[in-house]
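Undergrad: Before I ask anything, here is the structure I am working with.
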Amino acid sequence: MKQGLTSPMRYLMDDVPEGGKTVTVAPGVKWLRMPLPLPLALDHINLYLLANGDGWMVVDCGMKGGITRQLWQQVFETELEGKPINAVLSTHMHPDHIGQAGWLVGHWNVPFYMTASEYFTARAYTAPAQDIPEEWQHDTYAVRTGMPREYVEKMRKGTAGFGSIVEPLPRSFKRLQDGRILTLGDQRWQVIIGRGHSPEHACLYNAALNILISGDQVLPQITSNVSVTSTEPDANPLQEWMQSLQRMLELPDDALVCPAHNAPFFGLHTRLRELLAHHEQQLAGLEIELVAPKTAYELLPALFHRELHNEQLMMAMGECLAHLHLLLSRGAVIQSLGADGVQRYQALAVSPSSGDVQHE
Ligand SMILES: [Zn+2]
């Protein structure tokens with residue numbers, strides 16, 4: 001489809017649902033919101049209820065803590081039209097999406113749907129921490145970025161916070177797979193997998209209703225975090241992310257997109273192209289900076305035009321590495337490890353197509 005033919009972005013409606021209430025966005029599709037009980041840039045998550053025969057499937061669950069459970073009780077009492085919850089699905093493993101999954105599944109005694117990579121990653125993150133022997137600790141990821149020592153120390157402490165915002169997960173799950181059809185009553189939802197933001201993020205597309213439940217894969221206002229983490233320090237998640245966005249351009253431009261943050265909107269192709277252009281712009285900005293060798297830490301101001309501290313800095317670092325790894329895989333940049341244990345990056349003077357390129 002030509003760019004000129006894509007429709008501009010517009011929200012389905014101006015209102016957002018009040019806490020404990022739902023708004024119907026299409027036949028058999030209800031939208032609700034839950035607060036996020038953390039000082040994050042975002043203060044809410046959108047959840048959806050999909051008609052599923054004689055009940056409802058919950059899509060995404062809200063975080064553990066705060067008043068989320070209380071609001072769910074309110075939804076059960078007033079919003080379900082006298083029908084039960086008969087299934088729970090999480091698009092991916094982030095705490096705002098899976099935090100209450102265990103509780104919802106236990107409360108209703110219903111099956112839990114997720115992709116395998118998301119389920120097992122979440123199980124690993126919520127498992128009791130093991131004491132890893134000192135000599136097995138690898139802090140090369142953090143040292144290589146050139147971050148100040150205090151942040152390197154923080155990173156060594158790992159992801160201990162995850163379990164505090166996620167209820168114990170259901171002990172079994174039903175696997176979602178790319179391209180498979182999930183039949184809910186008389187509605188057919190196709191599973192579409194996206195990668196880069198999380199390992200195997202499930203979106204759901206209903207062709208008859210022309211609705212995409214997009215999770216964090218397509219958001220109307222903010223860009224989803226795409227990070228290299230210390231668990232897989234050589235990953236190239238931005239490549240996977242951009243490939244996933246490209247693939248979503250195959251869906252109809254006029255689909256109603258129901259995202260996990262902000263509000264349902266039209267203008268899928270416009271938004272996908274904006275997101276792709278945003279990352280290309282960030283990549284070009286980095287290449288300009290890299291006429292001289294720089295560390296990932298030194299490159300942060302080129303990508304983020306604000307002061308960064310603590311978690312923000314960690315996420316920004318992960319994003320910066322994601323962009324650098326894509327440039328490395330394109331052959332636009334080389335890296336070298338200094339005697340100080342810090343990685344430095346530099347743009348290649350020759351165009352990648354014109355000669356030898358050095359890959360990681
Ligand atoms: Zn997420």
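Undergrad: May I ask you to list the residues in region 25-69 that are touching an Asp or Glu at 6+ places or on another chain (Cβ under 7 Å) and under 16 Å from residue 102 (Cβ atoms)?
TA: Residues satisfying the conditions are 47, 62, 63, 64.
Undergrad: Oh, and also: Is it the case that residue 331 is at pLDDT 95 or above and part of a loop (DSSP other than H, G, I, E, B)? Please lay out each step first, then the result.
TA: On the way: at pLDDT 95 or above: yes; part of a loop (DSSP other than H, G, I, E, B): yes.
Here the answer is yes, as residue 331 does meet what is asked.
Yes/no matrix, rows are residues, columns are (1) within 16 Å of the ligand (Cβ to nearest atom); (2) more than 30 Å from residue 309 (Cα to Cα); (3) not in a helix (DSSP H, G or I):
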{"residue": "21", "(1), (2), (3)": "no, yes, yes"}
{"residue": "46", "(1), (2), (3)": "yes, no, yes"}
{"residue": "49", "(1), (2), (3)": "no, yes, yes"}
{"residue": "82", "(1), (2), (3)": "no, yes, yes"}
{"residue": "87", "(1), (2), (3)": "no, yes, yes"}
{"residue": "97", "(1), (2), (3)": "yes, no, no"}
{"residue": "102", "(1), (2), (3)": "no, yes, no"}
{"residue": "110", "(1), (2), (3)": "no, yes, yes"}
{"residue": "121", "(1), (2), (3)": "yes, no, no"}
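Undergrad: Let me ask something else about it. Please go through (1) under 16 Å from the mean Cα position of the chain (by Cα); (2) crowded, with 17+ Cβ neighbours inside 10 Å; (3) in a loop (DSSP other than H, G, I, E, B) for residue 244 and return the number of the only condition it doesn't satisfy.
TA: Failed condition: (3).
Undergrad: Only one of 302, 263, 349 is surrounded by 15 or more Cβ atoms within 10 Å (Cβ to Cβ) and farther than 30 Å from residue 59 by Cα. Can you tell me which? Spell out the reasoning first.
TA: Values: 263 fails: farther than 30 Å from residue 59 by Cα; 349 fails: surrounded by 15 or more Cβ atoms within 10 Å (Cβ to Cβ).
Just one listed residue meets the conditions, 302.
Undergrad: Determine the pairs where a residue that is more than 15 Å from residue 206 (Cα to Cα), located within region 246-266, has a partner that is in a loop (DSSP other than H, G, I, E, B) and within 16 Å of the ligand (Cβ to nearest atom) with Cβ atoms under 6 Å apart, the partner being 6 or more residues away or on another chain.
TA: Short answer, once both residue conditions are applied: 260/216; 261/42; 261/219; 262/220; 262/221; 265/220.
Undergrad: Name the pairs: first residue in region 314-332 and over 16 Å from residue 302 (Cα atoms) and free of Cβ contacts under 8 Å to residues at least 40 places away in the same chain, second residue surrounded by fewer than 20 Cβ atoms within 10 Å (Cβ to Cβ) and of a type in the set (Val, Ile, Thr), Cβ to Cβ under 7 Å, at least 6 apart or on different chains?
TA: Note: pairs meeting the criteria are 331/357.
Undergrad: If I filter region 162-212 down to residues being in a loop (DSSP other than H, G, I, E, B), touching a Gly at 6+ places or on another chain (Cβ under 6 Å) and not acidic (Asp, Glu), which single residue comes out as nearest to the ligand (Cβ to nearest atom)?
TA: Going through the qualifying residues, I end up with 166.
Undergrad: While we're here: For region 51-80, which positions are among the β-branched types (Val, Ile, Thr) and either part of a loop (DSSP other than H, G, I, E, B) or within 16 Å of the ligand (Cβ to nearest atom) (or both)? Break it down into steps so the answer makes sense when it comes.
TA: So in region 51-80, the residues among the β-branched types (Val, Ile, Thr) come out as 58-59, 67-68, 75, 78.
Of everything in region 51-80, those that are among the β-branched types (Val, Ile, Thr) and either part of a loop (DSSP other than H, G, I, E, B) or within 16 Å of the ligand (Cβ to nearest atom) (or both) turn out to be 59, 67.
Undergrad: Here is a further query. Do any residues in region 170-187 that are among the charged types (D, E, K, R) and at pLDDT 95 or above have Cβ atoms under 8 Å from those of residues that are surrounded by 21 or more Cβ atoms within 10 Å (Cβ to Cβ) and outside any strand (DSSP E or B), where the two are at least six apart or on different chains, and which pairs are they?
TA: 175/115; 175/119
Undergrad: Which members of region 221-244 meet the condition of being within 15 Å of the ligand (Cβ to nearest atom) and of a type outside the set (Asp, Glu)? So that I can check it myself, show each step before the final result.
TA: At the first step, the residues of region 221-244 found to be within 15 Å of the ligand (Cβ to nearest atom) are 221-227, 229, 237, 240-241, 244.
Across region 221-244, the qualifying residues are 221, 222, 223, 224, 225, 226, 227, 229, 237, 241, 244.
Undergrad: Quick one: is residue 210 buried (at least 16 other Cβ atoms within 10 Å of the Cβ) and either farther than 26 Å from residue 335 by Cα or modelled with pLDDT of 95 or more (or both)? Steps first, please.
TA: On the way: buried (at least 16 other Cβ atoms within 10 Å of the Cβ): no; either farther than 26 Å from residue 335 by Cα or modelled with pLDDT of 95 or more (or both): yes.
No; evaluated as a whole, the condition is false for this residue.
The values are calculated or read from the model by the stated rules, or taken from the named source; none is laboratory data. If you're wondering where the values come from, they're calculated on a predicted model, not measured in any experiment. All Cβ positions, even for glycine, are placed from backbone atoms using ideal geometry, and neighbour counts span all protein chains on display.
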